[in-house]
Amino acid sequence: MNPEVSGVWDSPHILSPTDNYGSLENKTLRPNIIKHAPRLCSLIGQAYVFEVRSFGKDVKVVDFGNGRRAKIRLPFNPQLNPSVLPSDTFADEFTGVGSAASCVYWDSKAHAWSIEGVEYIEADYGDVTGLGAYVECWTSHLSVFAVSEVALDCTGVPIGGKIKDWCGVCGGDNSTCSGCDGFPLSGRTKECSGHGACGGIKPLEMDKCRCNQNFMGVNCQVYCTPVINCSGHGQCYADYDGLSMNTSVGCNCETGWRQTWEKGYLECVWIPIYVYEMPWSLFYFLVAGVPILALVFCVSCICYWMTSRQIAVSKKMQGDIEGFVSDYEQENEEFSIERTEINADLCMPIVGHRVDDSDDSDSEKRLELHGLHAPLPVSDTERNAAMTRIARLSQSSHSPATAAAEGHDEPMPARFLRVMPSDMEEIAGPGGDDSEDWRKYLVNTSLHRRLRAVNDALKTGPRAQTPDGGEPGDEVAV
């Protein structure tokens, strides 16, 4: 071994029990072992050739055969390697191997020095200067021999072959520090913590401890009794995985009891039974109150939704009315008329034109509204207002002859208010169904009676003419 190259070796860390209740600690069983590195051995003497021939034959004897051996003595100089001297007590702590001097021979087949067939007898290291030192050995064959540094086993025998095992025993087989399974330094022992014995299961790797009563665990390291640990109301159990020392201990308690560690130790405690009685008020609230509240909430949500929907529809109708009013103003920008009130619901526009009853120029004029079928009755108030306006206009108007003399071929008819495009022949849709649009319904129902009053006024009174001093195009539409 090389004393100049070394390191510290620790056995594997294991879980070791600290008490009989399953407590463990992480530790190593063989810590801080000095382990040296191996090195090549060196020759400490000259090489000598031993040659023997058979009597009367030119044949060299290599092997003696039949178990016969020869003793040889080889001189050497211990000063070449003082580590082989008995005074040098160096030995590797891990293996127990040191250095000594012994015989070696040259193996011509392997091209290396070997100790095969050589057995050490004794060595004399001479005086202080090494003078007279020699080594005696037995050999079963003849070859080239020399003295070399060899391993001194843990028993102090050169090339003895014994070393320390993992348990630190010289020549041991690891049995002193292994459990029933044969694994050394595992924390398990064949004594099973003094509370059992190996079960003798084959193969050896599967063997475990058979524990005494009230002891359990892979190494019988846990003690548990039903009377002490389970309060007399359960049975002890221990769970562990394979060969692990990590053991979980508990109690299978009786019905109405449960295990606990609240007091720092394992026990079974009684489970009190609580009977809950619900108050009647809470019962009625859950049975009747909650459904009623849920119903009220649903009705409120439905009402809110319907109200929001009606508001949205009203806003849309208001937008449509404003759009119609805007279109009305744009279509009648070219007319210059007096201020006229039209008492129509929602101020809806109408589409109409003036027609003659006959081809006679003196015939009366009437107003027709496309899409209106049956005229509706007109109130007396509306009829009287229309007659008053016509009479006032008749008193201040010119005759048809005067209008022709001023350069007009024929009197200008009264201009009626045009709100919608003149090329629209009827208000009703292509299918004639006025109920499809609420705007059409308002026109048909609210404004027809105004047109009826106007037509009646035209039949009973004079036609509207241009006021005195006015210009054509300033007629008043009734």
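Can you give me the Cα centroid spacing of segment 141-161 and segment 162-222 in angstrom?
Cα centres, segment 141-161 to segment 162-222: 36 Å.
Which lysines, on any chain, are close to Lys316 with Cα under 30 Å apart, when same-chain ones fewer than 8 places away are left out?
Leaving aside lysines fewer than 8 places away in the same chain, those within reach of Lys316 are Lys440.
Along the positive direction of the dipole of segment 276-331 (beta-carbon charges: Lys, Arg +1; Asp, Glu -1; about the Cα centre), which of Met278, Ile321, Ile302 reaches farthest?
Selected residue: Met278.
What is the dipole size for segment 39-119, taken about its Cα centre, with +1 at each Lys and Arg Cβ and -1 at each Asp and Glu Cβ, in debye to the nearest 20?
480 debye
Going by average Cβ density within 10 Å per residue, which order do the peptides 181-192, 253-264 take, highest to lowest?
Taking the mean over residues of other Cβ atoms within 10 Å, the ranking is 181-192, 253-264.
Quick one: of Lys35/Lys164; Lys27/Lys190; Lys71/Lys162; Lys35/Lys162, which pairs are farther than 21 Å apart, Cα to Cα?
Going by Cα-Cα distance, Lys71/Lys162 fall outside the 21 Å limit.
Counting Lys and Arg as +1 and Asp and Glu as -1, each charge on the Cβ, what is the dipole of segment 47-186 about the Cα centre in debye, to the nearest 20?
With Lys and Arg at +1 and Asp and Glu at -1, about 660 debye.
Relative to the present Cα-Cα distance, how much length would full extension add between Met306 and Tyr48 at 0.36 nm per residue of separation?
80.6 nm
How would you rank 284-292, 78-86, highest first, on the average number of other Cβ atoms within 10 Å across their residues?
Answer by packing, highest mean first, reads 78-86, 284-292.
For a quick protection proxy, order the peptides 100-109, 216-225, 49-58 by their average other-Cβ count within 10 Å, most packed first.
Most protected by this proxy first, the peptides run 216-225, 100-109, 49-58.
If I stretch the segment between Ser108 and Arg39 completely, what's the gain in nm (0.36 nm per residue apart, minus their alpha carbon distance), one decimal?
Full extension of this stretch gives 22.6 nm more.
Since every read-out is calculated from the coordinates, none of them should be taken as a lab result. None of the values given here were measured: they were computed from a predicted structure. Cβ sites come from the backbone with ideal geometry, for glycine too, and all protein chains shown count toward neighbours.
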